[in-house]
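What follows is calculated from the coordinates using simple rules that are stated; it is not laboratory data. Just so we're clear, the structure is a prediction, and the values are computed from it rather than from any experiment. Cβ: placed from backbone, ideal geometry, glycine included. Neighbour counts: every protein chain shown.
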Amino acid sequence: MNPDVDAFGSRRSTVYAPEGIVATSQPLAAEAGVELLRQGGNAFDAAVATAAALNVVEPTSTGLGGDAFALYKTADGEVGAMRACGGAPAAATIENVREAVAAGHGAPDQQDVTDPENATMPELGPHAVTVPGTARGWEATVERLGKLEFAETLQPAIRYATEGYPVTEVVSAQWQHGEERFTDENARDAYLFDGDAPDVGQSVTLPKLGESLETIAAEGADAVYEGAIGEAIAAEVQSQGGFLTTDDLAEFAVEWPDPISTEYNGAEVYELPPNNQGLLALEALNIASEIDAGEHPYESADRVHAFAEAMKLAFVDGHHYVTDPEFEDVPDLASTAYAAERASEIGDEAIENPEIGFPQDATGGPPGHDPAEDADTVLLCTADAEGNVVAFINSRFHGFGSGLVAGDTGIALQNRGASFSLDPDHPNSLEPGKRPFHTLVPAIAKLDRDDWAAFGVMGGYMQPQGHVQVLSNVVDYDMPLQAALDAPRWQYREDGSLAIEERMHDGVATTLVRKGHDVGVLPPLLFGGAQIVRNDGGVLSGATEPRKDGQVSGY
């Protein structure tokens, strides 16, 4: 990691704007969103333009080969959600993947496996590729909720891809870290320059990706699912030993699920339902409310302990139960009555080896990943003077996803299928058409009668615990938006340890150790990337993540 971006000292203020506002992790992408607002678009048009631009200017973290989700409140007062999340290929059975892995077909991280029974779900290669939802998610958002034509929202991204842009600090560091994932020549040709990732400030073009974006602008998202781009995606996966077909792509459809919600300290918080992590955030908030976590002094170890314990129990439950609800029943983890039961387990000492709350025969949650590996996502938040408020999130899971790029399209394919298990008794077991456990969770909150916020925190399993921390900073401790994002964070990690930022308040780490926590200090980039915008009675404001290259743009 580039040492120049391992630390930060934010001196930013909350940004205010009269007509529209965009917050995201890369300045050029934020400007793309504002460009569409100036052209007469609304917050939904701006969201898609920003997401498409991030596909180009932050290609380490997002792209057309991934999935996309949104939570929003419209000018008419509707609270809704968009889910563009593809499932496993029709031929991707546990048996087929095990046999392919054992035969050495398309599992670069498991080349020593010869017995199919010993195979685990690969993190790289064609078997980790699920149907990408991004293109249809973008198009559906604009057609259903925007004011402009879909093609118009892609123009800034096309311009950046074909005319070029200088690479920012955090993106350069991620690019250099991610280049080792490129497992075929298509990927190296599309995303390396004379064989190397770009340096900070180096101007680059992505002409193959730009050509694909131009095709989508001309033909619509069907180019990815029923046209030449889709054929290239399927051919790439199959050439590497995978099972994705053009039929799998053509059958994909965007969903509009009902959001799930809970009330926390007067705020109504909305999240995505399963197969996403939204339930984890709501359960943690409910438990935190039961134990009055937000009543502790902000700089105290008691505050961190209380919220982290609530999050710990939510993770144990969520990682056991959350999966595609069309394949497995998911219990109501967001029930306040259930939260009261779970809250009774929290005391002054850290809980060791917490158990799931609802009994079930199957064991375990999704296969484990280091949260540091999952910090490759983009989040953007937009709002406009009409009253639309949007949180939009887009990702390929790990940086550059599966390591595969589809032919000459410049489209890097996601590895979201790595979240499946090859254990048939596992709630998140691989099945044809099944959607994997998904980390991506945008959020919105009604803070008061005419006071709405859209927010989120990028970064794998950091996302729901980032939601809890940012929301608490705003509603429990009355922080301005930028201060709420600047504040030092904690992170409950998969190995049971509790990480804190080195800027955490004096004495907190020592006291947490005394409470039984295994405490470690990690650099800022591993604590996620938050964005937030707000419409408070017509006053638009926003803040961006100081741990990223972020920017808030308004007009």
Give me the Kirkwood hydrodynamic radius of region 227-341 in Å, from all C-alpha pairs, to one decimal place? 16.8
Residues whose modelled amide H sits under 5 Å from the amide H of Glu386, counting only those 5 or more places away in sequence or on another chain, are none
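Place the peptides 538-547, 277-286, 326-335 in order of packing, highest mean first, counting for every residue the other Cβ atoms within 10 Å and averaging per peptide.
Values: 538-547: 23.5, 277-286: 29.4, 326-335: 16.9.
Sorting 538-547, 277-286, 326-335 by mean packing, highest first, produces 277-286, 538-547, 326-335.
In percent, how large is the relative contact order of the chain, given Cα pairs closer than 8 Å and 6 or more residues apart? Kindly include the intermediate steps, with their values, before the conclusion.
Working: 1414 pairs, mean separation 141.8, N = 555.
Result for the chain is 26 percent.
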For region 13-74, the fraction of alpha-carbon pairs in successive 5 Å shells from zero, as %: 4, 19, 26, 25, 17, 7, 2, 0
Counted charge near Gln531, where neighbours are those whose Cβ lies closer than 10 Å (Asp, Glu -1; Lys, Arg +1): 0
Rank-order 80-89, 192-201, 526-535 by packing density, defined as the average count of other C-beta atoms within 10 Å over each peptide's residues, highest first. 526-535, 80-89, 192-201
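Kindly give the semi-axes, whole Å and largest first, of the ellipsoid equivalent to region 1-112, taking each as the square root of 5 times a Cα gyration tensor eigenvalue.
In descending order the semi-axes read 38, 23, 12 Å.
As a check on your grasp of the helix formula, calculate [θ] at 222 nm for the chain: sum -39500 (n - 2.57) over DSSP H runs of n ≥ 4, divide by the residue count, round to the nearest 500.
Working: 18 runs with 181 residues, N = 555.
About -9500 deg cm²/dmol.
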Diffing region 333-350: the Karplus 3J(HN,Hα) column from phi (6.51, -1.76, 1.60, θ = phi - 60°), in whole Hz with x for Gly and Pro, holds 5, 8, 5, 5, 5, 5, 4, 4, 5, 5, 4, 5, 7, 8, x, 7, 10, 5
From zero up to wherever the largest Cα-Cα distance of region 96-161 sits, split into 10 Å bins and tell me the percent of pairs in each. 20, 28, 14, 19, 17, 1
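Using mean Cβ contacts within 10 Å as the protection proxy, how do 391-404, 35-48, 226-239, 175-188 order, highest first?
Numbers: 391-404: 29.8, 35-48: 25.8, 226-239: 20.3, 175-188: 18.3.
Output ranking for 391-404, 35-48, 226-239, 175-188: 391-404, 35-48, 226-239, 175-188.
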In terms of the Cα gyration tensor, with a ≥ b ≥ c the square roots of its eigenvalues, is region 98-218 rounded because a/c is under 1.5, prolate because a/b exceeds b/c, or oblate? oblate
Over all pairs of distinct alpha carbons, what does the Kirkwood formula give as the hydrodynamic radius of the chain, in Å? 23.0
Debye, to nearest 20: dipole size of the chain, +1 on Lys, Arg Cβ, -1 on Asp, Glu Cβ: 1160
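Can you tell me the mean projection area, over all orientations, of the convex hull of region 478-523's alpha carbons? Units nm², please.
So the Cα hull casts an average projection of 3.9 nm².
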Over what distance in Å are the Cα centres of region 442-482 and region 83-150 separated? 31
With 5 Å bins from 0: P(r) over region 485-555, alpha-carbon pairs, percent: 3, 15, 21, 17, 13, 11, 9, 6, 3, 1
In Å, what is the Rg of the alpha-carbon atoms in region 415-555, and how long is Dmax? 17.7, 53
Which far-off residues, 5 or more places away or on another chain, put their amide H under 5 Å from the one on Gly65, with H placed in the peptide plane? Ala412
Could you run the Karplus curve 6.51 cos²θ - 1.76 cosθ + 1.60 with θ = phi - 60° over region 494-506 and give me ³J(HN,Hα) per residue in whole Hz, x for Gly and Pro? 4, 7, x, 7, 10, 8, 10, 6, 5, 8, 4, 4, 4
